[in-house]
Amino acid sequence: MTPKAIWVDPPFAPLDPEERILGEAGIEFVFSPCESEEEVIQVAREADALMVVLHNYISRRILESLAQCKVVVRHGIGLDNIDVRAATDLGILVSNNPTYCVDEVSDLAMALLLACTRKIPLLNQAVHSGTWQTSMAKTGYRLRGRTLGLLGLGRVARRVAQKAGGFGLRLLAYDPYVSADVASGLGVTLVPLAELLKEADFMSIHTPLTPETRHLIGEIELRLMKPTAYLINTARGDVVEIRALVKALEEKWIAGVGLDVVEGIPPLPQDHPLLRFENAILTPHVAWYSEDATVELQETCARDVVRVLRGELPLSLVDPDVLKQPNCRLPSLQRQSAA
């Protein structure tokens, strides 16, 4: 029987790379975007590989319905829309692509930082509307010697640190999973979260969304920040509590924000409170995007499907503990050689 790879989310680009790579490997590619858990269960029950982006939550109930599925391939980095623990329990591998857009996301983090401090969107809008007034740039300041705080010090944050160093920024970070020696090698000093918030002139978020990090930045944390500081978020919106953030802007606890993501389900409604603030620079979750990154992501994920269905490990196995499961759906010989 021909193995099937089933895509259940709306597409983010033409799916030619998936069709080509899977077709060459003799794998049937089924594109069937779904809007509900029930639809995913109906559509994906014959999947040997399930391909997802971010639209659907792949729950334990869905995973339990996948009798022959060997792998769930996440087209992206974040795993907050997959019950990875359930997949491991069921012997299903989960793979993601943690490297495809490191440059793109770090570029946008720096772009938002620069847009905030130099007021680029506001000045551009003024010039387009016929106002040529240099006084509108007041309260901007020199970057060199200022402090960039990094919440999380993974791949993207490390690339941000590399780029920010060229601007002469002092680099601090909070990440309980990174050693001081590793941080020091990057030119970054690890500090407690409270110190990071108090010291940062720019606070850039680079943490995954987990139960531990949901609403990690709330009212208490925002009140610790300088009134001249900017908050940048290119990670996950739910890391920052939206009500507290709106209050921080209303009461001027901070100078402004640059956000590629916000709490809740996009798009933002026209009456969303963030849209009231000139010092809130917003982009529609595009930090990951470039033509190069998109093709790389699609090709890498399609090849991961091929690898697993041939009995090999994916390039990025999210939870290696699945290989220890007696019900692991990867053949035992490959599991033993990977151990």
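Can you name every residue in region 201-233 that is outside any loop (DSSP other than H, G, I, E, B) and basic (Lys, Arg)? Quick ask: steps written out before the conclusion?
Applying the first criterion (outside any loop (DSSP other than H, G, I, E, B)) to region 201-233 yields 202-205, 217, 219-224, 230-233.
The one that is outside any loop (DSSP other than H, G, I, E, B) and basic (Lys, Arg): Arg223.
Only residues that are in a loop (DSSP other than H, G, I, E, B) and crowded, with 18+ Cβ neighbours inside 10 Å were counted in region 92-127, giving 7. For region 9-64, a tally of residues being aliphatic (A, V, I, L, M), farther than 18 Å from Asn97 by Cα and assigned to a loop (DSSP other than H, G, I, E, B) returns 3.
Checking region 168-183 against the condition returns a match, with at least one residue being touching a residue at least 12 places away in the same chain (Cβ under 8 Å), assigned by TED's automatic domain parsing to the domain that holds Glu212 and in contact with a Pro (Cβ under 8 Å, 6 or more places away or on another chain). Tell me whether region 223-236 contains one or more residues that are surrounded by 18 or more Cβ atoms within 10 Å (Cβ to Cβ), of a type in the set (D, E, K, R) and under 19 Å from Leu79 (Cβ atoms). Yes: region 223-236 contains one or more residues that are surrounded by 18 or more Cβ atoms within 10 Å (Cβ to Cβ), of a type in the set (D, E, K, R) and under 19 Å from Leu79 (Cβ atoms). The residues on offer are His272, His215, His285, and the sole one that is at negative phi and not β-branched (Val, Ile, Thr) is His272. Only residues that are over 11 Å from Tyr174 (Cα atoms) and either free of Cβ contacts under 8 Å to residues at least 40 places away in the same chain or within 15 Å of the chain's Cα centre (by Cα) (or both) were counted across region 143-153, and they come to 3.
Taking (1) closer than 30 Å to Arg214 by Cβ; (2) of a type in the set (A, V, I, L, M); (3) crowded, with 16+ Cβ neighbours inside 10 Å in turn, Ala13 satisfies each apart from (3).
State whether one or more residues within region 323-333 are within 30 Å of His215 (Cβ to Cβ) and surrounded by fewer than 16 Cβ atoms within 10 Å (Cβ to Cβ). Checked region 323-333: no residue is within 30 Å of His215 (Cβ to Cβ) and surrounded by fewer than 16 Cβ atoms within 10 Å (Cβ to Cβ).
Condition check: part of a loop (DSSP other than H, G, I, E, B), closer than 30 Å to Asp103 by Cβ, in contact with a strand residue (DSSP E or B) (Cβ under 7 Å, 6 or more places away or on another chain) and not assigned by TED's automatic domain parsing to the domain that holds Ile77. Does Glu263 satisfy that?
Details: part of a loop (DSSP other than H, G, I, E, B): yes; closer than 30 Å to Asp103 by Cβ: yes; in contact with a strand residue (DSSP E or B) (Cβ under 7 Å, 6 or more places away or on another chain): yes; not assigned by TED's automatic domain parsing to the domain that holds Ile77: yes.
Criteria met by Glu263.
Residues that are crowded, with 18+ Cβ neighbours inside 10 Å, at pLDDT 95 or above and either farther than 19 Å from Leu222 by Cα or of a type in the set (Asp, Glu) (or both) do occur in region 250-260, at least one of them.
The values are calculated or read from the model by the stated rules, or taken from the named source; none is laboratory data. Only a predicted model underlies this, so the values are computations on that prediction, with no experimental measurement involved. Here Cβ is always computed from backbone atoms with ideal geometry, including for glycine, and neighbour counts include all displayed protein chains.
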